[in-house]
Amino acid sequence: MKFDGIYTPVITPYFEDGRIDRDGFVAMIEHLIASGVQGLINGGSTGEYYAQSLEERQDMARLAKEVIGDRLPLIVGTVAIRLEESIAMAETAAQIGADALLVGTPPYSVPTERENALNALAIDRAADLPIMLYNYPGRMGVEMGQEFLDRVGRSRNFCAIKESSGDINRVHLLARDYPHIQMSCGMDDQALEFFAWGARSWVCAGSNFLPREHVALWRACAVEGDFDKGRRIMSAMMPLMRVLEQGGKFIQCVKYGCELSGQRAGTLRPPLRALNKDDKRQLEQVVRVLKRTIADIEAEATA
């Protein structure tokens, strides 16, 4: 499978009592498809999978596939502390006809590279689907290092990696030593560098509420090869990335951004809580300036 474009890890809207807003979720998917993203991920951390039961996760994967059909690729997240739950999610993905799996390190357990690889290979055997790995040592505690990559590389299904370490040396390593594994940007403020090193895809939570702007950066760099334009767009997006990453309010900001764009994001499940008024005002201002600036850049390019 070739991963090319913007892949949005879709939020999960909730009602005030914590129930999943299924209609809001369907509307969110339709909005993203209409906005031109190239693929969707269900069950990622942006979707608050960690606050859902296994049954809820399986139900949402089924609903996502039912709504998307064959219009866009669907990647189903399998990350869980227990291998049995990851396998259950992989089996569900295969049953519903998902296009790929997102496979990460089990949180909190801090496995060795060999243990982590055996865990990932067990998930692979359960579904036999293309796999995008998810390297996020900041949340999972360990890195998918060279021993891990060499071990999982024995299966043809491990064909991509969402790199979220923040270490630019990892980008160099993947591009030079693992060209058979497609590199996908998983660190938003390094998107320009990822594209310069040959990445063709970007998994970005901010595309939930700014899909066209994220597509614009991908198109400028990965499609047009216009890195002058890409740098201008990236510069316009940097204030947003600083806001998203500050103080552990990432998902909260993404959900409020969706509300600003007219989508139903609803509340969050504990332990997360909604933004305060100051945080909301800051995000509103950043989004307003970003959209205007990128619109101007796009208009200049077509003039």
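The values are calculated or read from the model by the stated rules, or taken from the named source; none is laboratory data. Being a predicted model, the structure only gives us computed values, none of them experimental. So basically every Cβ, Gly included, is an ideal-geometry build from the backbone, and we count neighbours across all protein chains shown. Just the protein is used for accessible areas: all its heavy atoms, side chains included, with ligands, DNA and RNA removed. Shrake-Rupley method; radii C 1.70, N 1.55, O 1.52, S 1.80 Å.
Remarks
- Cβ separations smaller than 7 Å between residues 6+ apart or across chains give no pair from the stretch 124-140 residues that are free of Cβ contacts under 8 Å to residues at least 40 places away in the same chain and closer than 17 Å to residue 245 by Cβ to residues that are surrounded by 21 or more Cβ atoms within 10 Å (Cβ to Cβ) and acidic (Asp, Glu).
- Residue in the stretch 36-49 that is at pLDDT 95 or above and surrounded by fewer than 15 Cβ atoms within 10 Å (Cβ to Cβ) present: no
- For beta carbons closer than 6 Å, sequence separation of 6+ or different chains, a first residue in the stretch 258-275 that is assigned to a loop (DSSP other than H, G, I, E, B) and a second that is of a type in the set (Asp, Glu) and open to solvent by 30 Å² or more (accessible area, probe 1.4 Å), the qualifying pairs are 265/259; 267/16.
- Residue check, residue 145 more than 18 Å from residue 118 (Cα to Cα) and either in contact (Cβ under 8 Å) with a residue 24 or more places away in the chain or in contact with a His (Cβ under 9 Å, 6 or more places away or on another chain) (or both): no
- Checked against (1) over 22 Å from residue 187 (Cβ atoms); (2) open to solvent by 60 Å² or more (accessible area, probe 1.4 Å), residue 263 passes all but a single condition, namely (2).
- A residue that is basic (Lys, Arg), in a helix (DSSP H, G or I), over 21 Å from residue 35 (Cβ atoms) and open to solvent by 10 Å² or more (accessible area, probe 1.4 Å) can be found somewhere in the stretch 223-231.
- The lone criterion from (1) open to solvent by less than 10 Å² (accessible area, probe 1.4 Å); (2) assigned to a helix (DSSP H, G or I); (3) under 24 Å from residue 270 (Cβ atoms) left unmet by residue 57 is number (1).
- Filter result for the condition that a residue is assigned to a loop (DSSP other than H, G, I, E, B) and touching a residue at least 12 places away in the same chain (Cβ under 8 Å), over 24, 18: 18
- Number of the exception - residue 101 against (1) open to solvent by 10 Å² or more (accessible area, probe 1.4 Å); (2) under 24 Å from residue 4 (Cα atoms): (1)
- Verdict on residue 33 being in contact (Cβ under 8 Å) with a residue 60 or more places away in the chain and not hydroxyl-bearing (Ser, Thr, Tyr): no
- For the stretch 85-98, a tally of residues being open to solvent by less than 30 Å² (accessible area, probe 1.4 Å) and under 20 Å from the mean Cα position of the chain (by Cα) returns 6.
- Of the criteria (1) over 25 Å from residue 149 (Cα atoms); (2) crowded, with 21+ Cβ neighbours inside 10 Å, which one residue 52 fails: (2)
- Number of residues in the stretch 73-125 that are part of a loop (DSSP other than H, G, I, E, B) and either among the small types (Gly, Ala, Ser) or touching a helix residue (DSSP H, G or I) at 6+ places or on another chain (Cβ under 6 Å) (or both): the value is 7.
- Each residue in the stretch 68-84 was checked for being open to solvent by less than 30 Å² (accessible area, probe 1.4 Å) and over 18 Å from residue 126 (Cα atoms), and 3 of them qualify.
- Condition check for residue 247: assigned to a helix (DSSP H, G or I), on the phi > 0 side of the Ramachandran plot and either open to solvent by 10 Å² or more (accessible area, probe 1.4 Å) or in contact (Cβ under 8 Å) with a residue 12 or more places away in the chain (or both): yes
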